[in-house]
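All remarks here apply to the structure that follows.
The values are calculated or read from the model by the stated rules, or taken from the named source; none is laboratory data. Treat the numbers as computed from the prediction; the structure is a model and nothing was measured. Counting neighbours? That spans all protein chains shown, and the Cβs are built from the backbone with ideal geometry, glycine included. Protein only, heavy atoms only, side chains kept; ligands, DNA and RNA dropped before computing areas. Shrake-Rupley method; radii C 1.70, N 1.55, O 1.52, S 1.80 Å.
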Amino acid sequence: MKNNETEINRRDGANASMWQAASINSVAKDYADQEEIYDTLIIGGGITGITTAYLLQKQGKHCALVEAKNLGFGTTGGTTAHLNTFLDTTYPEIDGDFSKETSGLIAEGTKKMIEMISTNVQELKIDADFEFKMAYLFSQNEKETKELQSILESSQAAGVAVSEADENGVPIPYDHVLRFENQAQFHPLKYITALAKEFEKLGGKIIEQTFIHSTELREDIHYAKSDKFTLQAKNIVYATHIPPGINILSLRNAPYRSSVLAVKLNSGKYPDCLAYDMQEPYHYFRSHEIDGQQYLIIGGADHKTGHGDPLKAFEDLQDYAKKYFDIGEISYKWSSQYYVPVDGLPYVGQLPGGDKRIYVATGFNGNGMILGSLSAVLISDLILGKENPYEKLFNPSRLKPIAGFAEFVKENADVAYHFVADRFGAEIIKSTSELGKSEGKIVEFDGEKLALYKDNAGKITALNPVCTHAGCIVNWNPTEKTWDCPCHGGRFSIDGQVLTGPPQKDLGSIPLDELESVREKK
């Protein structure tokens, strides 16, 4: 199995995705002109940020894009890159929580985003492995079949090209199947890297390895501050998957992680489609060729960030995969983060409670490639002063008391629980010799709670375990070797650096000479 633990800076975890394992040339530097006043500063180098930057620069605006690490570092580099006209929030759910007209609008928007990505690939001659595919959604019991029938009726009413089918494209038993036409897949990093290079050709500026820790509005200009320099811009776009800091959107989005395997099959017979079951959480499938080698990509075993056992999630997914496929090798395994909005639709537009002309995009559920692209179109239209049919629907300040209230209460009760409960019950240790190699734990020593990690050489890293976002206690993720917050999805590296999520400050480091009794006893 290929692993990228020693190059954690390439992505937001220790396990390289099959996209990130390949060498993708950087397009940027870490230098910026502090005297320049940009029309728009885009913060975040995933598909949302890069597409927004490209669209605005194409319209004659002068933009800069700043990425804390490297392009594709976060979820865009960890996606399985399905492009769908149906979403994790189903059309029956959208019909009931919003309206049938809203379903039609969403169906039209998803279709246009697949077309836009296809057009970009063709016009810019991007070698992104883009392919149109059939997609199959299948039930396996009576309850799921009833739900499937409802999805069929609502999807057709919304204008989605879907029909009943007599196959599901994968060797898994089924009860009933729907076939969605004109779905697609691609290589996400090849796509965004090419788009970023085109953005630079148009005069845009990309700055990597630069973390923006705060912004300030003075005399109608935003000042975005990093440890290296301050950038000036008329508009700011947070394309960071969830906006930073304490704001209402952290309360309206729940962080989840999905596990993924990329495997080689002994049979050499790979599915030529996209496929999805209806389990909870569901599994998803597709194939992709990298450097002449075909892989089957299987995802699922989703769980809330910082909750449960990530190792068991991979074990469950592996057991499921081996049940139906003759697997010769598990070549890659990784996990990726997404945010579930309480009312089912993304939040895109002006940041609630923020300074004017600060825009955000979040709440994509498991459909980030499509909804990130749609968000880029909406935000660029807002900045350009153009009308957009999604402006009111996706408004981050909206409140849907019926659609979102139950989920809002459930998720924030969970946050409150972890805020209190995780402060108790840490393992008490007398020496770091009790810690295994390559192991992390929340421990208590002499009444003080610590986040301790021991690497393979025996070196100990000690951190304050209190998340710098809202004060919850982080948990160790042994699969990605990160400290994950169970409240709002903040994630930190072994040495405490912010990797993803809303935190703006690193976890505090605790020098080991202040913890003499906790040192290794040899």
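Conditions tested, residue by residue: (1) within 24 Å of the chain's Cα centre (by Cα); (2) of a type in the set (A, V, I, L, M, F, W, C); (3) at negative phi.
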position: Glu108; (1), (2), (3): yes, no, yes
position: Lys112; (1), (2), (3): yes, no, yes
position: Asp127; (1), (2), (3): yes, no, yes
position: Glu131; (1), (2), (3): yes, no, yes
position: Ala135; (1), (2), (3): yes, yes, yes
position: Ser139; (1), (2), (3): no, no, yes
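May I ask you to list the residues in the range 43-60 that are in a helix (DSSP H, G or I) and crowded, with 24+ Cβ neighbours inside 10 Å? Full working, then the answer.
Restricting attention to the range 43-60, the residues satisfying the condition of being in a helix (DSSP H, G or I) are 47-58.
Answer for the range 43-60, where residues must be in a helix (DSSP H, G or I) and crowded, with 24+ Cβ neighbours inside 10 Å: Ile47, Thr48, Gly49, Ile50, Thr51, Thr52, Ala53, Tyr54, Leu56, Gln57.
Take the residues in the range 333-388 that are touching a residue at least 12 places away in the same chain (Cβ under 8 Å) and of a type in the set (Asp, Glu), then tell me which one is least open to solvent (accessible area, probe 1.4 Å). Spell out how you get there, then give the answer.
Residues of the range 333-388 that are touching a residue at least 12 places away in the same chain (Cβ under 8 Å), as a first pass: 333-380, 382-384.
If we keep only those that are of a type in the set (Asp, Glu) as well, we get 343, 355.
Working: Asp343: 9, Asp355: 62 Å².
The extreme case among them is Asp343.
Quick check on Lys125: is it exposed (fewer than 15 other Cβ atoms within 10 Å of the Cβ), of a type in the set (Lys, Arg) and closer than 30 Å to Thr52 by Cβ?
yes
Please tell me if Glu131 is without any contact (Cβ under 8 Å) to a residue 60 or more places away in the chain and closer than 30 Å to Gly13 by Cβ.
Working: without any contact (Cβ under 8 Å) to a residue 60 or more places away in the chain: yes; closer than 30 Å to Gly13 by Cβ: yes.
When the stated conditions are applied, Glu131 passes them.
Of everything in the range 489-511, what is open to solvent by less than 10 Å² (accessible area, probe 1.4 Å), touching a residue at least 24 places away in the same chain (Cβ under 8 Å), under 15 Å from Thr75 (Cα atoms) and not in a strand (DSSP E or B)? Give them in sequence order.
Within the range 489-511, Gly489, Pro502 meet the criteria.
Looking only at the range 169-189, which residues are in a loop (DSSP other than H, G, I, E, B) and either without any contact (Cβ under 8 Å) to a residue 24 or more places away in the chain or over 26 Å from Trp19 (Cβ atoms) (or both)?
Narrowing the range 169-189 to residues in a loop (DSSP other than H, G, I, E, B): 169-175, 186-187.
If the condition is that a residue be in a loop (DSSP other than H, G, I, E, B) and either without any contact (Cβ under 8 Å) to a residue 24 or more places away in the chain or over 26 Å from Trp19 (Cβ atoms) (or both), then Pro173, Tyr174, Asp175 are the ones that fit.
So which residues in the range 467-488 are in contact with a His (Cβ under 9 Å, 6 or more places away or on another chain) and not in a strand (DSSP E or B), if there are any at all?
First, the residues of the range 467-488 that are in contact with a His (Cβ under 9 Å, 6 or more places away or on another chain): 467, 469-470, 472-473, 475, 484-488.
Of everything in the range 467-488, those that are in contact with a His (Cβ under 9 Å, 6 or more places away or on another chain) and not in a strand (DSSP E or B) turn out to be Cys467, His469, Ala470, Cys472, Cys485, Pro486, Cys487, His488.
Find the residue count for the range 264-287, including only residues that are exposed (fewer than 13 other Cβ atoms within 10 Å of the Cβ) and within 17 Å of the chain's Cα centre (by Cα).
So the count comes out to 0.
The conditions are (1) in contact with a strand residue (DSSP E or B) (Cβ under 7 Å, 6 or more places away or on another chain); (2) open to solvent by 40 Å² or more (accessible area, probe 1.4 Å); (3) farther than 17 Å from Glu35 by Cα, and Lys190 fails exactly one of them. Which is it?
Condition (1) is where Lys190 drops out.
So which residues in the range 125-147 are more than 20 Å from His82 (Cα to Cα) and not acidic (Asp, Glu)? Spell out the reasoning first.
Going through the range 125-147, the residues more than 20 Å from His82 (Cα to Cα) turn out to be 125, 140-147.
Hits for the range 125-147 are Lys125, Gln140, Asn141, Lys143, Thr145, Lys146.
Can you find, within the range 450-469, the residue that is farthest from the chain's Cα centre (by Cα) among those that are open to solvent by 40 Å² or more (accessible area, probe 1.4 Å) and either closer than 21 Å to Gly489 by Cα or in contact (Cβ under 8 Å) with a residue 60 or more places away in the chain (or both)?
Step one: of the range 450-469, the residues open to solvent by 40 Å² or more (accessible area, probe 1.4 Å) are 455-457, 459, 464, 466, 468.
Adding the requirement that they be either closer than 21 Å to Gly489 by Cα or in contact (Cβ under 8 Å) with a residue 60 or more places away in the chain (or both) leaves 464, 466, 468.
Working: Asn464: 26, Val466: 23, Thr468: 20 Å.
Residue satisfying both the conditions and the ranking: Asn464.
Here are some residues: Leu217, Leu202. Which one is of a type outside the set (S, T, N, Q), open to solvent by less than 60 Å² (accessible area, probe 1.4 Å) and modelled with pLDDT of 95 or more? Spell out the reasoning first.
Numbers: Leu202 fails: open to solvent by less than 60 Å² (accessible area, probe 1.4 Å).
Going through Leu217, Leu202 in turn, the sole match is Leu217.
Name every residue in the range 190-214 that is under 24 Å from Pro243 (Cβ atoms) and not in a helix (DSSP H, G or I), in order of residue number.
Gly204, Lys205, Ile206, Ile207, Glu208, Gln209, Thr210, Phe211, Ile212, His213, Ser214
Taking Asp97 and the conditions (1) over 19 Å from Gln183 (Cα atoms); (2) at pLDDT 95 or above; (3) not polar (S, T, N, Q), which numbered condition does it fall short on, given that it satisfies the others?
(2)
Could you run through the range 134-148 and say how many residues are open to solvent by 40 Å² or more (accessible area, probe 1.4 Å), part of a helix (DSSP H, G or I) and in contact (Cβ under 8 Å) with a residue 24 or more places away in the chain? Spell out how you get there, then give the answer.
Step one: of the range 134-148, the residues open to solvent by 40 Å² or more (accessible area, probe 1.4 Å) are 134, 140-143, 146-147.
From what's left, part of a helix (DSSP H, G or I): 142-143, 146-147.
Then drop every residue that is not in contact (Cβ under 8 Å) with a residue 24 or more places away in the chain, which leaves 142, 147.
So the answer is 2.
Considering the range 159-176 alone, what residues qualify as being more than 28 Å from Ser99 (Cβ to Cβ) and either acidic (Asp, Glu) or crowded, with 19+ Cβ neighbours inside 10 Å (or both)?
The first filter runs over the range 159-176 and keeps only residues more than 28 Å from Ser99 (Cβ to Cβ), leaving 165-175.
Correct list: Asp166, Glu167, Asn168, Gly169, Val170, Tyr174, Asp175.
Being outside any strand (DSSP E or B) and more than 23 Å from the chain's Cα centre (by Cα) is the filter; apply it to the range 288-320 and report the residue that is surrounded by the most Cβ atoms within 10 Å (Cβ to Cβ). Explain how you work it out, then say what you get.
To start, the set of residues in the range 288-320 that are outside any strand (DSSP E or B) comprises 291-292, 305-320.
Now narrow it down to the ones that are more than 23 Å from the chain's Cα centre (by Cα): 291-292, 319-320.
Details: Asp291: 6, Gly292: 5, Asp319: 10, Tyr320: 18.
That would be Tyr320.
Would it be correct to say that Thr48 is hydroxyl-bearing (Ser, Thr, Tyr) and at pLDDT 95 or above? Outline the logic, then answer.
Details: hydroxyl-bearing (Ser, Thr, Tyr): yes; at pLDDT 95 or above: yes.
Yes, satisfied.
Return the residues of the range 215-249 that are of a type in the set (Val, Ile, Thr), within 19 Å of Glu67 (Cβ to Cβ) and either in a strand (DSSP E or B) or in contact with a Ser or Thr (Cβ under 7 Å, 6 or more places away or on another chain) (or both); say none if nothing qualifies. If you could, list the steps in order and put the result at the bottom.
Filtering the range 215-249 for residues of a type in the set (Val, Ile, Thr) gives 215, 221, 230, 236-237, 240, 242, 246, 248.
Narrowing further to those that are within 19 Å of Glu67 (Cβ to Cβ): 215, 230, 236-237, 240, 242.
Within the range 215-249, Thr215, Thr230, Ile236, Val237, Ile242 meet the criteria.
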